[in-house]
Amino acid sequence: MTSLTVKPPVRRRRAGRKQIGVYVALTVIAVVGLLPYLFALSTSVKTNQQFASEYWLPSFPFHFENYVVAWVQIQPYMVTSLLVAAASIVGIVALSLLAGFVLARFDFPGRNFFFIMVITLMMVPGIASLIPLFVMMKDLGLLNTIWVLIIPHIAAGAVLGTILMKTFIEGIPQEIFDAARVDGANPARLFWSIMMPLSLPVIGTVSLITVIGVWNDFFWPLLTISQNELKTVSVGLIFFQGQSGTDFGPMFAGYLLASLPLLLLFTFLSKYFLAGVQGGLPGSH
Amino acid sequence: MVVLPPKKKRAHWGIYVALLPLALVLGAFQYYPALSGIWYSFWDWKPGFTSTFTGLDNYVRMFGDEIWWKSFGNLGIIFAFSVLTWVVPLVSAELLVSLKSERAQFIYRTLLIVPMAFPGVVTALVWSFLYQPNNGVVNQILRVFGLGDFAQNWLGNPELALIALLFIGFPFVAGLPFLIFYSTLKNIPNEIFEACALDGVGRVRRFFAIDMPLMGRQVQLLLILVIINTLQYGFVAYILTHGGPDNATMVPVLRMLNQAYDGQAWGYAAALSTTLFVFTIVLSAIVALFRRRDTTTNVKGI
């Protein structure tokens, strides 16, 4: 926990010359890992003729209109995914912030039981309840609606959300709450005026985990949505491949456009992004 | 744990009202489906029609389902391969921590993990293009090096399809193992390395004598996480091969979905899903135990 701050800025090793070799090796590994994406990037601005004549290298002129073609195709999917992510975030934060607050700051009979019931769900793999959940949604008549996409994300996200919120809120100094109570704030006021603003970092983490989850979810939207306008990005791309299978430029442009939201989050919120990838444990790298 | 309000033992009813929404959502959309899946695994489940109770029939059928067990065999290969691939993230993490410049470390770390930022589906689709028989990059590379005879339909050959799937994400650095190895190595106190250097311990010796033992617990944890992830393996195989050719890349998740959606055998699929669920929950319980006992390590979380 504190080991990072304790670490003195002492050089790790004294050997000098060998660093060149280390740089070369790391560069090779990094480039090999990035190569498929770089290939996708260079192909995404080619026409099929350019692709045929200049397979490996970027070829001029760049055809950025491929991105327009791709955007027209995947735009509905992007909108659906964004909607699902936004609605899920609102639902998850509302549910788990309230529950986390109550669990962290109040004592009441059944408190431990309730929390254990929440934690137990961490062990239930999403894929295992996929089929019964599907049948349930079918019985409710929710297939092919946006709700079938949102509700499972809220239900799954609220589990981790509640745990993260509870842990975070327990760390907020009690004095702040005491002071507010002395000033006459009731629990509702404590929640809105103190909890909400102080919890922004953990709300951010939960939101990021949710976006990553929505963007990577595959089987659930594949099975529950057949209406084209309601498809999410992950599923839409599959059919996109089928539609324009021979038009490589727009196809790769579509893949990259679909990746853009996560890439932006990774670039600007790298620390939280990695925490999200690792199951929401902040400070994990 | 601080109690508020401190004295009052009888809880305010408002507390339960505040917890009600979460309880309802989790009850309806987490507990109910999970339990109904177990319940209906003992039925000939016909959603929308009358289901009949069949006892253990579904499970008996499962024991005779060769494809189901073959799919677990594939999982074994997938698991063994993933563990083998840790060599690359391990070596990369070792190389990375030996960089003296903090700035260079940050830049290389970022470059190495950028592929993690791409959605899994995009990675799968890009790789499915790399494997294409005609225009695919893999075959083109072989042709460039005069090895055109080896060029082939990688995903269409039952003997190669699974291994082709496993190579997706090569060189396997962008992932959880790398992050864990790197953060573990980063957090080993420098004094230990200084003591080593004084005693004349070389880099390789240090790796086996210090780095590896200190990573032991993290590796244990990682092993179990990989087992759980492997049990849920599925969407990559779905996108690239649909479990084919000739079930060469069949995995339990795909078998389960096939039975439900193509075979309309919902009760049987529920039995398969319950089995997967039991496997996973046992392993998750072990992970939870590890987490709780994990007080010896100097590394925070994973």
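Check the stretch B:147-156 and report whether any residue there is within 26 Å of the chain's Cα centre (by Cα), of a type in the set (A, V, I, L, M) and crowded, with 17+ Cβ neighbours inside 10 Å.
Residues of the stretch B:147-156 that are within 26 Å of the chain's Cα centre (by Cα), as a first pass: B:154-156.
Narrowing further to those that are of a type in the set (A, V, I, L, M): B:155.
From what's left, crowded, with 17+ Cβ neighbours inside 10 Å: B:155.
Yes, the stretch B:147-156 contains at least one residue that is within 26 Å of the chain's Cα centre (by Cα), of a type in the set (A, V, I, L, M) and crowded, with 17+ Cβ neighbours inside 10 Å.
Residue by residue, here is whether (1) among the hydroxyl-bearing types (Ser, Thr, Tyr); (2) at pLDDT 90 or above; (3) farther than 30 Å from residue A:222 by Cβ holds:
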{"position": "B:256", "(1), (2), (3)": "no, yes, no"}
{"position": "B:269", "(1), (2), (3)": "no, yes, no"}
{"position": "B:272", "(1), (2), (3)": "no, yes, no"}
{"position": "B:284", "(1), (2), (3)": "yes, no, no"}
{"position": "B:291", "(1), (2), (3)": "no, no, yes"}
Here the residues within the stretch A:273-285 that are at pLDDT 65 or above and not in a helix (DSSP H, G or I) are none
Scan of the stretch B:180-199 for residues that are at the interface with chain A (Cβ under 8 Å from one of its Cβ atoms), free of Cβ contacts under 8 Å to residues at least 60 places away in the same chain and not aromatic (Phe, Trp, Tyr), ordered by number
B:190, B:194, B:197
Residues in the stretch B:205-213: is at least one in contact with a His (Cβ under 7 Å, 6 or more places away or on another chain) and at pLDDT 80 or above?
no
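Looking at residue A:39, is it more than 11 Å from chain B (Cβ to nearest Cβ) and either touching a Ser or Thr at 6+ places or on another chain (Cβ under 7 Å) or aromatic (Phe, Trp, Tyr) (or both)? Before you say what the answer is, go through the steps one by one.
Details: more than 11 Å from chain B (Cβ to nearest Cβ): no; either touching a Ser or Thr at 6+ places or on another chain (Cβ under 7 Å) or aromatic (Phe, Trp, Tyr) (or both): yes.
The answer is no for residue A:39.
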Given the conditions (1) touching a helix residue (DSSP H, G or I) at 6+ places or on another chain (Cβ under 8 Å); (2) modelled with pLDDT of 85 or more, report the number of the one that residue B:103 does not fulfil.
(1)
Scan of the stretch B:25-65 for residues that are among the small types (Gly, Ala, Ser), surrounded by fewer than 18 Cβ atoms within 10 Å (Cβ to Cβ) and under 30 Å from residue A:151 (Cβ atoms), ordered by number:
B:27, B:28, B:48, B:51
Taking residue A:165, is it over 20 Å from the mean Cα position of the chain (by Cα), in a helix (DSSP H, G or I) and aliphatic (A, V, I, L, M)?
no
From the list B:137, B:60, B:126, B:97, which one is modelled with pLDDT under 90, within 30 Å of residue A:249 (Cα to Cα) and not aromatic (Phe, Trp, Tyr)?
B:137
What about residue A:58, is it in contact with a helix residue (DSSP H, G or I) (Cβ under 6 Å, 6 or more places away or on another chain) and outside any helix (DSSP H, G or I)?
yes
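Would you kindly identify the helices (runs of 4 or more DSSP H) lying entirely within the stretch A:174-272 that contain at least 3 residues that are of a type outside the set (Ser, Thr, Tyr) and within 30 Å of residue A:53 (Cβ to Cβ)?
Values: elements: A:174-182, A:187-190, A:200-216, A:219-224, A:233-243, A:248-268.
In the stretch A:174-272, A:233-243, A:248-268 are the helices (runs of 4 or more DSSP H) which contain 3 or more residues that are of a type outside the set (Ser, Thr, Tyr) and within 30 Å of residue A:53 (Cβ to Cβ).
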Does residue A:94 meet the test of being part of a helix (DSSP H, G or I), facing another protein chain (nearest Cβ under 9 Å) and either more than 30 Å from residue A:192 (Cα to Cα) or modelled with pLDDT of 90 or more (or both)?
yes
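Given the criteria of a type in the set (Val, Ile, Thr), touching a helix residue (DSSP H, G or I) at 6+ places or on another chain (Cβ under 8 Å) and more than 13 Å from every other protein chain (Cβ to nearest Cβ), does residue A:209 qualify? Show your work before the answer.
Values: of a type in the set (Val, Ile, Thr): yes; touching a helix residue (DSSP H, G or I) at 6+ places or on another chain (Cβ under 8 Å): yes; more than 13 Å from every other protein chain (Cβ to nearest Cβ): yes.
Yes, satisfied.
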Being out of contact with any strand residue (DSSP E or B) (no Cβ under 8 Å at 6 or more places or on another chain), more than 26 Å from residue B:155 (Cα to Cα) and in a helix (DSSP H, G or I) narrows B:269, B:260, B:237 down to just B:269
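Please find, among A:113, A:168, the residue that is in the same structural domain as residue A:207 (by TED's automatic domain parsing) and under 17 Å from residue A:97 (Cα atoms).
Sole residue among the options that is in the same structural domain as residue A:207 (by TED's automatic domain parsing) and under 17 Å from residue A:97 (Cα atoms): A:168.
Could you tell me how many of the residues in the stretch B:240-253 are part of a helix (DSSP H, G or I) and crowded, with 24+ Cβ neighbours inside 10 Å?
Initial filter on the stretch B:240-253 (part of a helix (DSSP H, G or I)): B:240, B:252-253.
If we keep only those that are crowded, with 24+ Cβ neighbours inside 10 Å too, we end up with B:252-253.
Looking only at that region, the number is 2.
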Sole miss for residue B:212 among (1) within 25 Å of the chain's Cα centre (by Cα); (2) aliphatic (A, V, I, L, M); (3) crowded, with 16+ Cβ neighbours inside 10 Å; (4) within 25 Å of residue A:274 (Cα to Cα) is condition (3)
Looking only at the stretch A:97-123, which residues are under 23 Å from residue B:35 (Cα atoms) and buried (at least 23 other Cβ atoms within 10 Å of the Cβ)?
A:118
Residue in the stretch B:181-198 that is closer than 22 Å to residue B:289 by Cα, touching a helix residue (DSSP H, G or I) at 6+ places or on another chain (Cβ under 9 Å) and not β-branched (Val, Ile, Thr) present:
yes
Quick test of your reading of the structure: residue B:202 fulfils all but one of (1) crowded, with 22+ Cβ neighbours inside 10 Å; (2) more than 8 Å from chain A (Cβ to nearest Cβ). Name the failing condition by number.
(1)
Members of the stretch B:145-170 found to be touching a residue at least 12 places away in the same chain (Cβ under 8 Å) and more than 24 Å from residue B:247 (Cβ to Cβ), listed by number:
B:151
Kindly check whether there is at least one residue in the stretch A:99-114 that is of a type in the set (Asp, Glu) and outside any helix (DSSP H, G or I).
yes
Here the residues within the stretch A:127-145 that are surrounded by fewer than 16 Cβ atoms within 10 Å (Cβ to Cβ) and either in a helix (DSSP H, G or I) or not assigned by TED's automatic domain parsing to the domain that holds residue A:79 (or both) are A:138, A:139
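For the stretch B:54-67, does any single residue satisfy the condition of being away from chain A (no Cβ under 14 Å) and touching a strand residue (DSSP E or B) at 6+ places or on another chain (Cβ under 7 Å)? Before the answer, list the steps.
Going through the stretch B:54-67, the residues away from chain A (no Cβ under 14 Å) turn out to be B:54-57, B:59-67.
Still in the running and touching a strand residue (DSSP E or B) at 6+ places or on another chain (Cβ under 7 Å): B:54.
Yes, the stretch B:54-67 contains a residue that is away from chain A (no Cβ under 14 Å) and touching a strand residue (DSSP E or B) at 6+ places or on another chain (Cβ under 7 Å).
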Can you name the condition, by its number, that residue A:28 falls short on among (1) surrounded by fewer than 12 Cβ atoms within 10 Å (Cβ to Cβ); (2) at pLDDT 80 or above; (3) in contact with a helix residue (DSSP H, G or I) (Cβ under 9 Å, 6 or more places away or on another chain)?
(3)
Flagged pairs (Cβ under 6 angstrom, 6 or more apart or on separate chains; first in the stretch B:114-135, more than 7 Å from chain A (Cβ to nearest Cβ) and free of Cβ contacts under 8 Å to residues at least 24 places away in the same chain; second surrounded by fewer than 23 Cβ atoms within 10 Å (Cβ to Cβ) and of a type outside the set (Asp, Glu)) are B:133/B:153
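The values are calculated or read from the model by the stated rules, or taken from the named source; none is laboratory data. Predicted model only: the values in this text are computed from it and were never measured. Every residue, glycine among them, receives a Cβ derived from its backbone with ideal geometry; neighbour counts consider all protein chains shown.
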